[in-house]
Amino acid sequence: MASASSVEPAYLPSSVQGAVKILVTGPFGVGKTTLVGALSEIDPLRTEETMTSAGEGVDDLTGRPHKATTTVALDFGRITLSDRLALYLFGTPGQQRFWPLWEDLSRGALGAIALVDARRLEESFDVLGLLEEQRVPFAVAVNVFPDTPAYPEAELRTALDLLPGVPILTCDVRDEGAAHRLLIDFVDHLRTGALELS
């Protein structure tokens, strides 16, 4: 039988006085929901709906034959960084028809992790363009699928038309340890960028 403490909600300590927001974004089916789930200390809020025949011809399932659900609003997770600071993770929907939510979700974000699938780099262009338009600092994170080709960083940077200061990281977002290392590397990038600007 589960103990009472294992079923109680994980509330923030009352000492927490501040919060930072990180956006997890990318195209459809790239692993955003999985990454938020791997990082969050609470059961993440998910707005996934079952994919139906109405999406046929709209949602390209090439290379994703087992995908049965899709995010229609956001994913939300939390990490308590210290007794005074929490980090909130906001995952965006990937399809263009849900992009009207994107601007609201990105407002106030410290930065964004932009997941890409190296098998389908062209699907990432619009999302990266949105980040640049909104002037949200971001890192590109290549989600490593079993058949992901290993491209040299210089080729990826050219193919994605990235500015020199945008880091390219890699991660299998299903691996909790790898997901946390990705977040640490991303926060280090943000901190270094802030120091360079000061």
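Throughout, read-outs are computed from the coordinates displayed, never taken from laboratory work. On a predicted model such as this, the values are computed, not experimentally measured, just so you know. Using ideal geometry, Cβ is built from the backbone for each residue, glycine included, and neighbour counts are taken over all protein chains shown.
Applying 1/(1 + (r/R0)^6) with R0 = 30 Å to the Cβ-Cβ distance of residue 119 and residue 20 gives a FRET efficiency near 0.40.
So between residue 185 and residue 154, what do we pick up on full extension, going 0.36 nm a residue minus the alpha carbon distance? Please list the in-between numbers first.
Numbers: separation 31, 0.36 × 31 = 11.16 nm, distance 1.91 nm.
Extending this stretch completely gives an extra 9.3 nm.
Computed from the Cβ-Cβ distance with R0 of 25 Å, the FRET efficiency linking residue 134 to residue 11 stands at 0.20. Using the alpha-carbon positions of segment 96-161, Rg (one decimal) and Dmax (whole number) come out as 12.7, 36 Å.
Express the relative contact order of segment 95-198 as a whole percentage, based on alpha carbon pairs under 8 Å and six or more residues apart in sequence.
Details: 93 pairs, mean separation 26.0, N = 104.
Contact order relative to length: 25 percent.
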